[in-house]
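Heads up, the thing below is written out as structure tokens.
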Amino acid sequence: MSDEGNVLTPEHVFKRLIWRSVADSSVALEQLATWFVTGIAAILALLLTHIDSVQKVVSSSGLRWGLGLLSVALLFAVVSRQLGIALSTGLAITRQLEATLQSEQGQKLMSAMQISPRDLVAQMQEPFLWPLSAMMRKAAENGLVDYLSADKRFVKLFCLQAYSFWLQSILAASGMIAMAFSIHK
């Protein structure tokens, strides 16, 4: 069922409230991911700058596994952080746009428009280069037929952020465990 041309229903408003609340929790994961990036990078730097000393205590296979797992964990931490930044920025822009459009001036602007929503979507994506232009067009077209498409996208990004965060946590712990269990006796 398409939302195009209809008004927001109470169900729309309720779902938006719930989904935005979930997406808002991405800020906490982003902050944790920032600390993980810092911590993992510091551990890697320490291990690499003292590799000769570490090799005397940790087996070479344990060290390789540990460094490899920590490096991959660092990548997932960076991804989690980037997704958090994208989410917080997207939510802020969406809220600012909604506040503007719901204001008296925004309502006047919307009622004075002489172009169809579909033509406006086509014109809005013009200045963007590919692939952003295609992404903008698709997002805007989805927004015409599903008023909650942006909120659904925010929840999906939050899920990706959470999965990335969990993976980096597991990988970092595995890297440390691999090195700990390979300590020479």
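Report the residue count in the range 146-185 for those that are in contact with a strand residue (DSSP E or B) (Cβ under 7 Å, 6 or more places away or on another chain) and in a helix (DSSP H, G or I).
1
For the list (1) within 22 Å of LEU91 (Cβ to Cβ); (2) of a type outside the set (Val, Ile, Thr); (3) not in a helix (DSSP H, G or I), I need the number of the one condition that TRP130 fails.
The number of the failed condition is (1).
I'd like to verify a number: residues in the range 76-127 that are closer than 27 Å to ASP24 by Cβ and not in a helix (DSSP H, G or I), how many?
1
Can you tell me how many residues in the range 108-133 are free of Cβ contacts under 8 Å to residues at least 24 places away in the same chain and surrounded by 12 or more Cβ atoms within 10 Å (Cβ to Cβ)? Show your work before the answer.
Taking the range 108-133 and keeping what is free of Cβ contacts under 8 Å to residues at least 24 places away in the same chain, we get 108-116, 119-133.
With the extra rule that they be surrounded by 12 or more Cβ atoms within 10 Å (Cβ to Cβ), the set shrinks to 109, 120-122, 124-125, 128, 133.
Residues meeting the conditions: 8.
Every number in this text was worked out from the coordinates using simple rules, so none of it is lab data. Just so it is clear, the model here is predicted, and its values are computed rather than measured. So basically every Cβ, Gly included, is an ideal-geometry build from the backbone, and we count neighbours across all protein chains shown.
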